[in-house]
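The values are calculated or read from the model by the stated rules, or taken from the named source; none is laboratory data. As the structure is a prediction and not an experimental result, all values here were calculated from the model. Every residue, glycine among them, receives a Cβ derived from its backbone with ideal geometry; neighbour counts consider all protein chains shown. Side chains included, ligands, DNA and RNA excluded: accessible areas come from the protein's heavy atoms. Shrake-Rupley method; radii C 1.70, N 1.55, O 1.52, S 1.80 Å.
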Amino acid sequence: MSKQDWFLIPIFLILCLVPLSGSRFYVFLATDILIFALFAVSLNLLLGYTGLVSFGHAAYFGIGAYACALLMRKASIVFPVSFVAAGLFGALAALIIGFFCVRLTKIYFAMLTLAFSQIVWAAAFKWNSLTGGDTGFIGVPFPQYLDSKTRYYYFTLAVVVVCLFIIRKVVNSPFGRILTTIRENSERTEFIGINVKFFQLVAFIISGFFSALAGALFGIFNHSVFPDFLFWPASAEVLIMTILGGMYSFFGPVVGAAVVLFLRMQITSYTQYWPLILGMILAVLLFFFPGGIVGFLQNRLTLLRGNR
Amino acid sequence: MILTVENLKKSFDGFVAVNGVSFSIEKGELCSIIGPNGAGKTTVFNLITGYLPLDEGRVIFNGVDITHMRAYQICRLGMRRSFQRTNIFPRLTVFENVQAALLAYRGKSFNFFTPVETLFREETEAILGRVGLQDHSNAMSGSLSYGFQKQLELGIALASEPDVLLLDEPTAGMSTEETSATIELIGRIAHEKGLTLLFTEHDMEVVFSISERILVLHQGQMITEGSPDEVRTNPDVQKVYLGEAR
Ligand SMILES: Nc1ncnc2c1ncn2[C@@H]1O[C@H](COP(=O)(O)OP(=O)(O)OP(=O)(O)O)[C@@H](O)[C@H]1O
Ligand SMILES: [Mg+2]
């Protein structure tokens, strides 16, 4: 842990203390935020680090959710195994879909990720016997030993912390550095002897794996899995979290997830126009703070330091 | 022959940019390609290095047919290039630019868990020192002056200790002093490392001072090749090229 990371300790301690507040609402919200933080950080491995815009990331999240729930309920596989398997299903889907997508660039890449995610969504929607179709797959239980909101919260916290730790290791590794050179200039990266498409594919697979773990966590948290999990608005929402929080910083997407979910919770109790408000927030942000919330704060901080 | 190019052809929408170019370069030679704007010099580089697919012809490098290889594969065989328009990683620091090239070259790029900042520190600083960027190590490379960016470009290419180095106008846009410093540097490194060098350049003084052999390209075709003296006195060259030189 480096010196700049001191701020993680109080945050972690606060997260550990959330259930002691006695508020079911905060435990619920915190679980939600943790799960989407993991999802957004996974997406950001592609977006902020590799420079690839996936417009269909809900597919991997949804695949993880369905895989974990179905393996537990239909195949009676114990939770830990189902959970890891869900990640592997996400990785496999990312391998297959990514194989085609990395052949395209820019907007075409984004469109193809969207197209594939819609195919996955249609499959979940139509395959009644397996997924329950549009009524969803209802009645996913907590695993026995996690059968309270508080226990599940601590489990989620542990999983998310471990996953973020691993992803952070990866982005700070030589592999992660090469991803950033691909983002900066994929053409030049090829000319330092890197098989760019292969690296993009590996990034895609890692991202798919962790997105699916987030999905698996969410399916159980939600006690049910719906095709909506992998519909395109879900992909857009996680993109918004990532951009809003700041895609050029590791924890930006975490902040984005927290802000979006908190605001949604507040605002939907007053008005049904949440998507409209979210859209406006995003538009303002893109115009005035292109680096997202964290990017803005970092700039401020360097300015303050410079003035002293 | 470390590099042999046979009958390269390339056209863009019917416009023939490179039309049957052939030449060979021996190990350790310092060669340049000259020719007026639009002669096809950059395109020849692009065809050799796998940046563009060619229509016809063959490229043999170190005995290996690299004609249809991808750019990264050709790089790994020991050929590097720089670009006419600077081509760096703008939002990475100068240090990180060169370090990335080293990571790739030393086969460390597929490592997921070693903290990257601990790797190749000294080697990277040494390369930065060699190209005169030691004082700018932590600067964002995109905010460097044009001349420094050109030097960085050279540093990235040199990081991999290539056998053959193709430099596309390494001093374009530099001041006179920067140009002579860079040329002096390139010549010195080439001799020290036994590099084979192929470069293009508009500055005739530079070309004639360091080239051992010069290839002259005009409208996609090679009109002659030879030592600086032979090229200087060739009447065809004077007609198509030197007559209109800056
Ligand atoms: N990708 C491309 N698409 C279309 N035309 C191209 C392309 N690349 C080069 N050309 C054309 O091919 C011709 C040769 O261009 P090239 O860049 O190889 O010339 P050059 O000798 O490097 O010129 P300069 O001295 O200006 O760098 C030019 O007429 C150029 O317009
Ligand atoms: Mg050129």
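Points 7 angstrom from Cα along the Cβ direction at A:Trp232 and A:Thr150: gap in nanometres?
Modelled inter-label distance: 4.5 nm.
Sorted by packing (mean other beta-carbon atoms within 10 Å per residue), highest first, where do A:114-123, B:213-222 land?
Ranked by mean Cβ neighbours within 10 Å, highest first: B:213-222, A:114-123.
Over the protein assembly as shown, what portion of Cα pair distances is larger than 36 Å, expressed as a whole percent?
The proportion of pairs with Cα distances above 36 Å equals 44 percent.
DSSP loop trypsin sites (Lys or Arg not before Pro) in segment B:74-150 with at most 13 other Cβ atoms within 10 Å of their Cβ, which ones?
Taking segment B:74-150 and a limit of 13 other Cβ atoms within 10 Å, the loop trypsin sites (Lys or Arg not before Pro) found are B:Arg85.
For B:Phe120, what is the net charge nearby, where nearby means another residue's Cβ is under 14 Å from its Cβ and Lys, Arg count +1, Asp, Glu -1?
Net charge in that neighbourhood comes out at -2.
Determine the shielding of peptide B:107-119 by partner chains: average, over its residues, the number of Cβ atoms on other chains within 10 angstrom of each Cβ.
Partner Cβ neighbours, averaged per residue: 6.
Need the full-extension length gain, A:Ala75 to A:Phe28, defined as separation in residues times 0.36 nm minus the C-alpha distance. One decimal, nm.
Fully extending the segment from A:Ala75 to A:Phe28 adds 14.1 nm.
Assuming R0 = 41 Å, can you tell me the calculated FRET efficiency for the pair A:Phe198 and B:Glu177, based on Cβ-Cβ distance, to the nearest 0.05?
Between A:Phe198 and B:Glu177 the formula returns 0.45.
Can you tell me the order of A:183-193, A:79-89 when each peptide is scored by its average per-residue count of other Cβ atoms within 10 angstrom, highest first?
Answer by packing, highest mean first, reads A:183-193, A:79-89.
Under a Cβ-Cβ cut-off of 10 Å, what is the net charge of the residues other than B:Glu212 that fall near it, where Lys and Arg count +1 and Asp and Glu count -1?
-1
Give me, ordered by chain and number, the residues 5 or more places off B:His218 or on other chains with an amide H under 5 Å from its own placed amide H.
B:Ile223
Give the average, rounded to an integer, of partner chain Cβ atoms located within 10 angstrom of each Cβ in A:193-205.
4
Probe 1.4 Å, all protein chains in place: accessible area of A:Phe99 in Å², nearest 10?
My reading of the accessible area for A:Phe99 is about 90 Å².
In terms of modelled amide H atoms, which long-range or inter-chain residues lie less than 5 Å from the amide H of B:Ser11?
B:Ala17, B:Asp55
Hey, got the Cα dimensions of segment A:208-308 along the principal axes, in Å, largest first?
53, 34, 20
Taking the Cα atoms of segment A:20-307, what is the range of coordinates along each of the three principal axes, in descending order and whole Å?
Principal extents (Cα only, largest first): 52, 42, 34 Å.
Please list B:Tyr72, A:Tyr60, A:Tyr145 in order of solvent-accessible area, largest first, computed with a 1.4 Å probe with all protein chains present.
If we order B:Tyr72, A:Tyr60, A:Tyr145 from most to least accessible, we get A:Tyr145, B:Tyr72, A:Tyr60.
Give me a comma-separated list of calculated 3J(HN,Hα) values for segment A:253-268, in order, Karplus coefficients 6.51, -1.76, 1.60 applied at θ = phi - 60°, integers in Hz, x for any Gly or Pro.
Ordered by residue, 3J(HN,Hα) equals x, 5, 4, x, 4, 5, 5, 5, 5, 5, 4, 4, 4, 5, 6, 5 Hz.
Pick from B:Pro115, B:Pro228, B:Pro162: which residue has the top mean-square fluctuation in a GNM of chain B where Cα pairs under 10 Å get a spring?
B:Pro115
Could you state the per residue volume, in Å³, of the convex hull enclosing the Cα atoms of chain B?
Looking at chain B, the number lands at 128 Å³ per residue.
Using heavy-atom solvent-accessible surface (probe 1.4 Å) with all chains present, what is the largest-first order of A:Met241, A:Met72?
A:Met72, A:Met241
How large is ³J(HN,Hα) for each residue in segment B:94-103, as worked out from phi by the Karplus curve 6.51 cos²θ - 1.76 cosθ + 1.60 (θ = phi - 60°), to whole Hz, x for Gly and Pro?
Result, rounded to whole Hz: 4, 4, 5, 4, 6, 4, 4, 5, 5, 4.
Rg and Dmax in Å for segment A:11-70, alpha carbons only: what are they?
14.8, 42
Given springs between every Cα pair under 10 Å in a Gaussian network model of chain A, which of A:Pro141, A:Pro275, A:Pro227 has the largest fluctuation?
Greatest mean-square fluctuation among the candidates belongs to A:Pro275.
Collect residues whose amide H, placed 1.01 Å from N in the peptide plane, falls under 5 Å from the amide H of B:Leu3; neighbours closer than 5 in sequence don't count.
Here the answer is B:Ile25, B:Asn62, since their amide H atoms fall under 5 Å of that of B:Leu3.
Cβ under 15 Å from A:Phe125's Cβ, A:Phe125 left aside: what net charge do those residues give with Lys, Arg +1 and Asp, Glu -1?
Result for the local shell: -1.
Ignoring ligands, DNA and RNA, how do B:Asp55, B:Asp168, B:Asp135 rank by accessible area with a 1.4 Å probe, largest first?
Final ranking, largest accessible area leading: B:Asp135, B:Asp55, B:Asp168.
Counting partner chain Cβ atoms within 10 Å of every residue's Cβ in B:144-155, what's the average?
Other-chain Cβ atoms within 10 Å of each residue's Cβ, averaged: 0.
Quick one: what are the phi-derived ³J(HN,Hα) couplings along segment B:59-68, Karplus 6.51/-1.76/1.60 with θ = phi - 60°, whole Hz, x for glycine and proline?
The phi angles translate into 10, 10, 10, 6, x, 9, 6, 9, 3, 10 Hz.
Let me cross-check A:Phe100: its accessible surface, 1.4 Å probe, with only protein heavy atoms counted, in Å² to the nearest 10?
Number for this one is 100 Å².
Expressed as a rounded percentage, what relative contact order does segment B:82-232 have, with Cα pairs under 8 Å and six or more residues apart?
23 percent.
Testing the spin-label approximation: label points 7 Å from Cα along Cα→Cβ at A:Asn128 and B:Gln84. State their distance in nm.
Output for this residue pair reads 6.4 nm.
Pairs of alpha-carbon atoms within less than 8 angstrom and 6+ residues apart define the contacts here; what relative contact order does chain A have, in percent?
With pairs under 8 Å counted, the relative contact order is 32 percent.
Evaluate the distance, in nm, between pseudo-label points positioned 7 Å from the Cα of B:Ser24 and of A:Phe289 along their respective Cα→Cβ axes.
Computed distance between label sites B:Ser24 and A:Phe289 equals 6.5 nm.
Using a 1.4 Å probe, how large is the accessible area of A:Ser76, given in Å² and rounded to the nearest 10?
90
I'm checking a number: the convex hull volume of the Cα atoms of segment B:1-101, normalised per residue, in Å³. What is it?
129
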